[in-house]
Amino acid sequence: MPTRAGSIVDHRDPQPNAPLPHPGRWLRFMRPAEVTDRAPLVVLIHEGPELAPGVDDLECAIAWLDPSMHPYDDVEQVIADALASIAWLIDCSELGHDPERVVVIGRGAGAHLAAMVAVRDPRPVGFVLVSGVYDLTDDGRPELRHVSPLLLISGSDADCVAAWASADTCAVRRQGQAWAATWSIIEWNRPATAVEVSGRPPADLVAELFDASSPLGAAVLRTINRTRTT
């Protein structure tokens, strides 16, 4: 977690009676001291001990959900807890950010969770999905349709970026392209931005998330900055 001045809220004790599921370091929150009230909130959903480079430079509150720290492997439980955690972040006015300017960013398993938020919660104003799988029925499991966000896309006012690495598997590239295309053809939706990143292994795409000089970083920063005028 970045060490700049601010407040970090652990999922175990964000406030004494917070209705959050499961103890542990599944959710952390930080609003640096120099970030003013009513700043945008960026929710990062990705596995690993480090946040993306450049996150320190964002004039935003930051929340981090780490799926690898969730105590259960059950996909429905993880989805339910991700939805509950993000809903709590949006609703908790004591945290000081603007609940009408929330952007959710996910990578890998986190991209699937972010996509489930996109089809279940209309309040975030932007989504960035990186190297995710969005149709869990693709490998012959039709019983997983209800947790396959690609099959559940409907109208939304949110901006959406779908990204993948050229070195990703064929399935990940195909599903990223399908997400962007399906999101874009829904009436009233803003067209999704599709970004393919070359020259990096998939696990390294997080390094470009907030790099304004890269196509992915530029798309992400446009999505975040657009919330300032929403």
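Observations on the model:
- Residue match in region 146-156 (condition: polar (S, T, N, Q), over 27 Å from N225 (Cβ atoms) and free of Cβ contacts under 8 Å to residues at least 12 places away in the same chain): no
- Checking each residue in region 168-210 for being in a loop (DSSP other than H, G, I, E, B), free of Cβ contacts under 8 Å to residues at least 24 places away in the same chain and either within 17 Å of V103 (Cα to Cα) or touching a Pro at 6+ places or on another chain (Cβ under 7 Å) (or both) picks out only P191.
Quick grid of which residues meet (1) closer than 23 Å to D57 by Cα; (2) buried (at least 16 other Cβ atoms within 10 Å of the Cβ); (3) aliphatic (A, V, I, L, M):
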| position | (1), (2), (3) |
| --- | --- |
| R123 | no, no, no |
| G126 | yes, yes, no |
| E143 | no, no, no |
| T169 | no, no, no |
| V172 | no, yes, yes |
| T182 | no, yes, no |
| A203 | yes, no, yes |
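- When F210 is tested against the conditions (1) under 21 Å from W64 (Cβ atoms); (2) surrounded by fewer than 21 Cβ atoms within 10 Å (Cβ to Cβ); (3) aromatic (F, W, Y), the lone failure is (2).
- Scope region 59-100; condition in a strand (DSSP E or B) and under 28 Å from E196 (Cβ atoms); matching residues: I62, A63, W64, L65
- Neighbours by Cβ (under 6 Å, 6+ apart or cross-chain): first from region 125-138, farther than 21 Å from D157 by Cα and in contact (Cβ under 8 Å) with a residue 12 or more places away in the chain; second part of a loop (DSSP other than H, G, I, E, B) and of a type in the set (G, A, S): S131/G108; D135/S148; L136/S148; T137/S148
- Subset of region 101-137 [assigned to a loop (DSSP other than H, G, I, E, B), in contact with a helix residue (DSSP H, G or I) (Cβ under 7 Å, 6 or more places away or on another chain) and of a type outside the set (S, T, Y)]: D121, R123, P124, V125, G132, V133, D135, L136
- Here R226 passes the criteria (1) modelled with pLDDT under 95; (2) buried (at least 20 other Cβ atoms within 10 Å of the Cβ); (3) in a helix (DSSP H, G or I); (4) in contact with an Asp or Glu (Cβ under 8 Å, 6 or more places away or on another chain) except the one numbered (2).
The values are calculated or read from the model by the stated rules, or taken from the named source; none is laboratory data. Keep in mind that what you see is a predicted model, and the values were worked out from it rather than measured. Here Cβ is always computed from backbone atoms with ideal geometry, including for glycine, and neighbour counts include all displayed protein chains.
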